[in-house]
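Reading through the structure tokens given below for one structure.
The values are calculated or read from the model by the stated rules, or taken from the named source; none is laboratory data. Because the structure is a prediction, the values reported are computed rather than measured. Methodologically, a virtual Cβ is constructed for each residue, glycine included, from the backbone with ideal geometry; neighbour enumeration extends over all protein chains shown. For accessibility, only protein heavy atoms count, side chains too; no ligands or nucleic acids. Shrake-Rupley method; radii C 1.70, N 1.55, O 1.52, S 1.80 Å.
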Amino acid sequence: AYKELNEIQQHLEDYFKDMQDLEFTIQNGKLWMLQTRNGKRTGAAMVRIAMEMLRQGVIDAPTAVLRVEPEKLDELLHPVFDKNAIKKANIIAKGLPASPGAATGQIVFFADEAEKWAAEGKQTILVRIETSPEDLKGMNSANGILTARGGMTSHAAVVARGMGKCCVSGAGELQIDYKARTIQVNGFTVKEGDWISLNGSTGEVYLGQVATKAADLSGDFGQLMDLAGKYSVLKVRANADTPKDAAQAFAFGAEGIGLCRTEHMFFEGDRIAAIREMICSDTVEQREKALAKLLPMQQGDFEGIYEAMEGCPVTIRFLDPPLHEFVPTEEADIELLAKDMGKTVAEIKAIIASLHEFNPMMGHRGCRLAVTFPEIAVMQTRAVIRAAINVQKRHPEWNMVPEIMIPLVGEVKELKYVKNVVVKTADEELAAAGVEMKYLVGTMIEIPRAALTADEIATEAEFFSFGTNDLTQMTFGFSRDDAGKFLGAYYDKKIYENDPFAKLDQIGVGKLVKMAAKMGRETRPDLHLGICGEHGGDPSSVEFCHKVGLDYVSCSPFRVPIARLAAAQAAIKDAK
């Protein structure tokens, strides 16, 4: 019976050209086959089976590429929980699976303490009601991040994915008390220093320490990525703000940086002091003096990113968030800033109060900052061009073409104004250095009006990068940070099938992308087109971008392999 079963299973596998899940019985010595179907498998098994069948000649290369679900690759790239340990774990809460992987650590509520504890060799989980750019250093130091508020494209989620760090966001059951340093959740009280564990792939939060296992990237994974590279038409870049993130993305096969957020470079040491000095300055001269302190720091960061990408294209977005995100909130920090600026505490508090906006995400940010304070754009242009010149000198074999992206444009005249500042500064820098270097100035399409007037915008922009995080929230008219409170009801009632911040809305937002791409290229046929929202790492969104004819997608470093495989699958399906 065993011999007969073995022959039948081999026949079925050869016939269906896939691993089979068989059901059978043996009665009175006779074998009866009950059922066969393609077997379910983990991400690691999916890659191995596809590549083994390719080597055996059972399937061809395009079929092997199509056999692997891109999302399943996530399982191969991050730490996972030990299977035996997770069975005994006690779930105390559930949020959104904002950034995959497994993490365990002691609860810490404040970013500076997370950094301090990590320096002492402790494993930590940073727990916040919601994170802000000021929390970056703590987020980087922690093993994982847990927030009570926020969706799949909240600050915590986006930054954690960029870092390749486990994150659970929007766990609304958590009652976080910063003063008492405790969490109340579903009858449990956990305090600072207690151990919890996060499953960033499911959104589950466990009480206590759960054993994890490191990711295991086998040879089959590398071979699959090589195959994907042969079939892809759409290129894959990464969203990366540091040389470390850029190097990780390059190791995963990223062909450039599609989004470098320069504001994330301002929250360390002397930098935050300099940016606060700039914000609190009364005159252009004072602002320029403060910005001069930031110039060499930004230049050094850009050089590091250029080096990590080894000559691949790098798109650098100029300062985007509202200025209130940079001002101090603690009394001691306000007093220190007042002392440094030669102002009274009351004057500093008045400046901070003046920066308050009722809806800051639609307020004084993006290109509006450069229109109001063109000296910011001057400093950032100098940093970009000087960094490119230095790296080009060190690596004459590379062809450095800096790409400068002006964010939040909705009117061609504001883009033209900022672009003129950039071009004048860049040309002065190149002339002073005696260097000839091509550079591109483009924009991020994230306001519906920009998409609707893309033919006009393209008269000034040399590339478009669709910032679909903001484009989605402005098109739908709800906040990506707050929508999690009501979207669950929309899914239950089948009003929305998917989270529009995780999977691109092809009917509405997609129509704007398609229209803008078509109109932009009618004005400027050589217009480069990309997408740099979080949708750049979603397989169905990648397939849409391929069909629309974009040049590249850009996503978090740990989503790069997923996007590369999705791009290859889109090209293979398109060719059939």
**Request:** Whole number in Å², please: accessible area per residue of the range 242-288, 1.4 Å probe, ligands, DNA and RNA not counted.
**Result:** 39
**Request:** Can you send over the solvent-accessible area of residue 397, 1.4 Å probe, protein chains only, in Å² to the nearest 10?
**Result:** 130
**Asked** Between residue 433 and residue 361, what FRET efficiency follows from the Cβ-Cβ distance if R0 is 30 Å, with the result rounded to 0.05?
**Response** 0.20
**Charge context of residue 65, other residues only, Cβ under 11 angstrom, K/R +1, D/E -1** = +2
**Message:** In whole Hz and in residue order, list the ³J(HN,Hα) couplings for the range 310-327 that follow from phi through the Karplus curve 6.51 cos²θ - 1.76 cosθ + 1.60, θ = phi - 60°; x for Gly and Pro.
**Reply:** 6, x, 5, x, 10, 9, 10, 8, 6, 3, 10, x, x, 5, 5, 5, 9, 7
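In terms of solvent-accessible area of protein heavy atoms at a 1.4 angstrom probe, what is the ranking of 552, 15, 439, highest value first?
Putting 552, 15, 439 in descending order of accessible area: 15, 439, 552.
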**Request:** Could you pull out the GluC sites (Glu not before Pro) across the range 272-311 that fall in loop regions by DSSP (anything but H, G, I, E, B) with no more than 16 other Cβ atoms inside 10 Å?
**Result:** 310
**Message:** With the crude spin-label approximation of a point 7 Å out along Cα→Cβ, what separation in nm comes out for residue 11 versus residue 40?
**Reply:** 2.9
**Request:** Of the DSSP beta bridges with both residues in the chain, give the percent that are antiparallel, rounding to the nearest 5.
**Result:** 50
**Request:** Treating the Cα atoms of the range 170-258 as identical point scatterers in vacuum, please give the log10 of the normalised Debye intensity I(q)/I(0) at q = 0.17 Å⁻¹, two decimals.
**Result:** -0.89
**Item:** Amide hydrogen neighbours beyond the local backbone of residue 171, cut-off 5 Å, H modeled
**Value:** 96, 147, 148, 149
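Compare 329, 153, 182, 212 by solvent-accessible area with a 1.4 Å probe and give them largest first, with all protein chains kept in place.
Numbers: 329 100, 153 0, 182 25, 212 65 Å².
In descending accessible area the options line up as 329, 212, 182, 153.
Tell me the mean residue ellipticity at 222 nm calculated for the chain from its helices only (DSSP H runs of n ≥ 4, each -39500 (n - 2.57), averaged over every residue, nearest 500).
Dividing the helical sum by the residues of the chain leaves -14000 deg cm²/dmol.
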**Complete:** For the range 364-373, Karplus-derived ³J(HN,Hα) couplings (6.51, -1.76, 1.60; θ = phi - 60°; whole Hz; x for glycine and proline) come out as 7, 8, x, 5, 5, 5, 6, 5, 6, 10
**Request:** Please calculate how many Å² of accessible area the range 117-157 carries per residue, with a 1.4 Å probe and no DNA, RNA or ligand atoms counted.
**Result:** 32
**Message:** With a 1.4 Å probe and all protein chains kept in place, how much accessible area does residue 117 have, in Å² rounded to the nearest 10?
**Reply:** 40
**Prompt:** Which of (i) 219; (ii) 178; (iii) 188 is the computed volume of the Cα convex hull per residue in Å³ for the structure on display?
**Reply:** (ii)
**Asked** Can you pull the accessible area of residue 491 for me, 1.4 Å probe, Å² to the nearest 10?
**Response** 70
**Prompt:** How far apart, in nm, are two points set 7 Å out from the Cα along the Cα-to-Cβ line at residue 574 and at residue 195?
**Reply:** 5.0
**Item:** Centroid-to-centroid separation of the range 167-195 and the range 212-286 [C-alpha atoms, Å]
**Value:** 31
**Complete:** Of all DSSP beta bridges having both residues in the range 99-191, the percent classed as antiparallel (nearest 5) is 45
**Fill in**
The percentage of the accessible area of the range 66-205 (probe 1.4 Å, all protein chains present) made up of carbon and sulfur atoms, to the nearest whole number, is 47
**Item:** Under 5 Å, built H, 5+ apart or other chain: amide partners of residue 504
**Value:** 541
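Provide the net charge surrounding residue 93, with neighbours chosen by a C-beta distance below 10 Å and charges set as Lys +1, Arg +1, Asp -1, Glu -1.
Result for the local shell: -1.
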**Request:** Please calculate how many Å² of accessible area the range 407-523 carries per residue, with a 1.4 Å probe and no DNA, RNA or ligand atoms counted.
**Result:** 46
**Asked** Check residue 164: other-chain or 5+ apart residues with amide H under 5 Å from its amide H, H built from backbone geometry?
**Response** 558
**Message:** Which residues does the label zone of residue 395 cover in the range 252-272, counting backbone N under 17 Å from a point 7 Å along Cα→Cβ?
**Reply:** 252-260
**Prompt:** Restricting attention to the alpha-carbon atoms of the range 1-125, what are Rg (one decimal) and Dmax (integer), both in Å?
**Reply:** 22.3, 71
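Greater than 22 Å separation of Cα atoms is the criterion. Which listed pairs, 17/40; 17/72; 72/493; 122/191; 424/514, meet it?
Long pairs (Cα-Cα over 22 Å): 72/493; 424/514.
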**Item:** Theoretical FRET efficiency, 1/(1+(r/R0)^6), r = Cβ-Cβ of residue 123 and residue 28, R0 60 Å, to 0.05
**Value:** 0.55
**Prompt:** Which percent of the accessible area of the range 354-491 is formed by carbon and sulfur heavy atoms (probe 1.4 angstrom)?
**Reply:** 55
**Charge context of residue 151, other residues only, Cβ under 14 angstrom, K/R +1, D/E -1** = -1
**Asked** Along the range 81-97, what does the Karplus equation 6.51 cos²θ - 1.76 cosθ + 1.60 (θ = phi - 60°) give for ³J(HN,Hα), rounded to whole Hz, x for Gly and Pro?
**Response** 6, 4, 4, 5, 5, 5, 5, 8, 6, 9, 6, 10, 6, 9, x, 8, x
